[in-house]
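Okay, structure first, notes after.
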Amino acid sequence: MTNSAPEVGMRRVPASLVAKLTAAADSFASTFDDVRMDDIAKASGIPRATLYYHFSSKNEVLAFLLQGVLADLRVSVALAARSGGTTSTRLAAVIRAQLDHLAANPGVAQLLLANLGKGGRLPAIAAGIDNGFHAPVRQILSDGMDDGTLAAADIEVITTALFGAVTTVGFQWLIADRRIDVDRVADALFSVFWSGIALDRTPHTTLRTR
């Protein structure tokens, strides 16, 4: 994580500390609610006094890490979305960018996933995800519908489903193998979202019941 927003309060967090906290996130990502500042200091190798100089609590450390990973996601996905080409190549680039991001930041990404259900943190996380992923994808889908590449559909549902699919599959790979085969996963996910899996291409029947 390069951390595009390296400040907490009025103090700038040095890049060396950012790197240590990011590397240490693997060791406390799954048990963060039980972690103390002393645990973070021990895992990261950052002296306790230095940690408290920059952060008032472990929740501030968490907020800083989540802010950084979402800022990085926004940059990488925006670049992919603006890469040019057809709707399909832009969408494939965005899927790959998110998977690359997960693969590069497994610990912090796990912290993000674990905190999606925490009420006090949810609004900021949701805003970060919307800015970082949903907005660029919405634009790609809208462009595709405007130029006739894509059929008219619910953009919000598709965007949310795509983010959820990429995130869930990426985490399954991280949990099982500690790595993501980005090429394999990106190609498979893009194929499903672009072409579907049904051999019969006639319009699907509704799932609604009367």
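See the values below:
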quantity	calculated
Helices (runs of 4 or more DSSP H) within the range 87-172 that include 1 or more residues of a type in the set (Lys, Arg) and within 15 Å of the chain's Cα centre (by Cα)	87-104
Residues of the range 21-59 satisfying the condition of being of a type in the set (D, E, K, R), surrounded by 15 or more Cβ atoms within 10 Å (Cβ to Cβ) and under 27 Å from Ala127 (Cα atoms)	Asp26, Lys58
Members of the range 163-198 found to be free of Cβ contacts under 8 Å to residues at least 60 places away in the same chain and among the β-branched types (Val, Ile, Thr), listed by number	Thr168, Val169, Ile175, Val192, Ile197
Residue in the range 77-90 that is exposed (fewer than 15 other Cβ atoms within 10 Å of the Cβ), of a type outside the set (Val, Ile, Thr) and closer than 18 Å to Ala188 by Cβ present	no
Gln67 vs. criteria surrounded by 19 or more Cβ atoms within 10 Å (Cβ to Cβ), in a helix (DSSP H, G or I), in contact (Cβ under 8 Å) with a residue 24 or more places away in the chain and touching a Ser or Thr at 6+ places or on another chain (Cβ under 8 Å)	no
Residue selected from the range 159-192 under the condition small (Gly, Ala, Ser) and either at pLDDT below 90 or exposed (fewer than 12 other Cβ atoms within 10 Å of the Cβ) (or both), by the criterion nearest to Met145 (Cα to Cα)	Gly164
Matching residues in the range 70-86 - criterion: being assigned to a helix (DSSP H, G or I), over 23 Å from Ala114 (Cα atoms) and of a type in the set (Gly, Ala, Ser)	Ala78, Ala80, Ala81
Residues located in the range 67-113, provided they are hydroxyl-bearing (Ser, Thr, Tyr) and farther than 30 Å from Phe55 by Cα	Ser83, Thr86, Thr87, Ser88, Thr89
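The values are calculated or read from the model by the stated rules, or taken from the named source; none is laboratory data. These numbers come from a predicted model, not from an experiment. Note: ideal-geometry Cβ built from the backbone for every residue, glycine included; neighbour counts use all protein chains shown.
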